[in-house]
Amino acid sequence: MVKLSLFALLSFSWASFAFADSSAVESYRDAQLVKSRSEQAVSVEVPLAKIQRSGRGWEPEKVERLTGNLVTSLYKINRNVLLTDVYQHYYAELTKVDHQVLFECQSRSCGSSNAWANNFFGDYLLYGSDQSQSLLVVKTADSLYQILYVNRRGAGDVMVRLDQVALPNEDMVSGNIMAQLDVKDIPRIRRFLTDLPAGQSVIGFVTSQQQDRMPALSVGDRYIDELVSGLGTRLAEKVRFVNLADMGRASLSVDRVSFVRAGP
């Protein structure tokens, strides 16, 4: 699910990406936060269908792949609550004005709870009866994706997993651009990296567009592979590439690599 983790040294702050504050979703009464983590500029799969067996593993029948900033929170609620009350609370929180429901399922229509818990979310604490699970995926007007999974464990506790994926604010990125070059212009990219001050590293935002039947994200991955190969080990170590696919705004164009400073 998560393939790339970087941005930790970006000179502009986390807030510059308009990252969603998880507190914007009010927790169910007496919900206890078990754990939470956040990552920036990671590849995330947003489920848009039930999970099913795929080859030797399990995958949702349909996903949307994004590169964005991720906040994951896991809550535990005592065993005396009604599952329907918990789900309806979060449904109301996540389906406010201008919030679009992308996918919703309950019970066995979601597929295997074991597969959601262990194969998709990678958290055994979410495992419970197939019949007691619920999944909701919504998208806000400002392109914040929210993924909710609720289930009751065998011990009786209700577990709530909430993932929030915010797309980077490319306007903030564009204001910090050191250079913006054609993604295939390896000679110019090599010169730019060679001329960097000693010890300076950069982030390279790669934009792309669909080509024939190949989706933009796959084209971006191919571009990054070609860049790393063409630059060689010494120069490639100076840059960390982020695949924005076709999510870049007009300021970042397409089929370009935009460099911003990593760290002070």
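Take the residues in the stretch 75-121 that are of a type in the set (D, E, K, R) and over 22 Å from the mean Cα position of the chain (by Cα); name whichever of them is surrounded by the most Cβ atoms within 10 Å (Cβ to Cβ).
Going through the stretch 75-121, the residues of a type in the set (D, E, K, R) turn out to be 76, 79, 85, 93, 96, 98, 104, 108.
Next, only the ones that are over 22 Å from the mean Cα position of the chain (by Cα) stay: 76, 79, 85, 108.
Details: Lys76: 17, Arg79: 11, Asp85: 12, Arg108: 13.
That would be Lys76.
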Failed item in (1) in a strand (DSSP E or B); (2) surrounded by 17 or more Cβ atoms within 10 Å (Cβ to Cβ); (3) at pLDDT 90 or above, with Glu39 passing the rest = (3)
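Kindly check whether there is at least one residue in the stretch 216-224 that is part of a loop (DSSP other than H, G, I, E, B), under 16 Å from Leu167 (Cβ atoms) and of a type outside the set (Val, Ile, Thr). Break it down stepwise before answering.
Here is the first cut: in the stretch 216-224, the ones part of a loop (DSSP other than H, G, I, E, B) are none.
The answer is no; no qualifying residue exists.
Here is a yes/no grid of residues against (1) surrounded by 17 or more Cβ atoms within 10 Å (Cβ to Cβ); (2) in contact (Cβ under 8 Å) with a residue 60 or more places away in the chain:
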position: Pro197; (1), (2): no, no
position: Phe205; (1), (2): yes, no
position: Tyr223; (1), (2): yes, no
position: Glu226; (1), (2): no, no
position: Leu231; (1), (2): yes, no
position: Arg234; (1), (2): no, no
position: Glu237; (1), (2): no, no
position: Leu244; (1), (2): yes, yes
position: Arg256; (1), (2): yes, yes
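Yes/no per residue for (1) touching an Asp or Glu at 6+ places or on another chain (Cβ under 6 Å); (2) over 17 Å from Gln131 (Cβ atoms); (3) at pLDDT below 90:
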position: Asn78; (1), (2), (3): no, yes, no
position: Thr84; (1), (2), (3): no, no, no
position: Tyr87; (1), (2), (3): no, no, no
position: Thr95; (1), (2), (3): no, yes, no
position: Arg108; (1), (2), (3): yes, no, no
Taking the stretch 60-74 and keeping residues open to solvent by 20 Å² or more (accessible area, probe 1.4 Å) and β-branched (Val, Ile, Thr) leaves Val63
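Confirm whether Leu162 is touching a Cys at 6+ places or on another chain (Cβ under 6 Å), touching a residue at least 40 places away in the same chain (Cβ under 8 Å), under 27 Å from Arg29 (Cβ atoms) and not in a helix (DSSP H, G or I). Steps first, answer last, please.
Details: touching a Cys at 6+ places or on another chain (Cβ under 6 Å): no; touching a residue at least 40 places away in the same chain (Cβ under 8 Å): yes; under 27 Å from Arg29 (Cβ atoms): yes; not in a helix (DSSP H, G or I): yes.
No, not satisfied.
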Is it the case that some residue within the stretch 218-226 is of a type outside the set (Gly, Ala, Ser) and touching a Leu at 6+ places or on another chain (Cβ under 6 Å)?
-> no
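The values are calculated or read from the model by the stated rules, or taken from the named source; none is laboratory data. Values in this document were obtained by computation on a predicted structure and should not be read as measured data. Every residue, glycine as well, gets a Cβ built from its backbone with ideal geometry; the counts of neighbours run over all protein chains shown. With ligands, DNA and RNA removed, areas are computed over all heavy atoms of the protein, side chains included. Shrake-Rupley method; radii C 1.70, N 1.55, O 1.52, S 1.80 Å.
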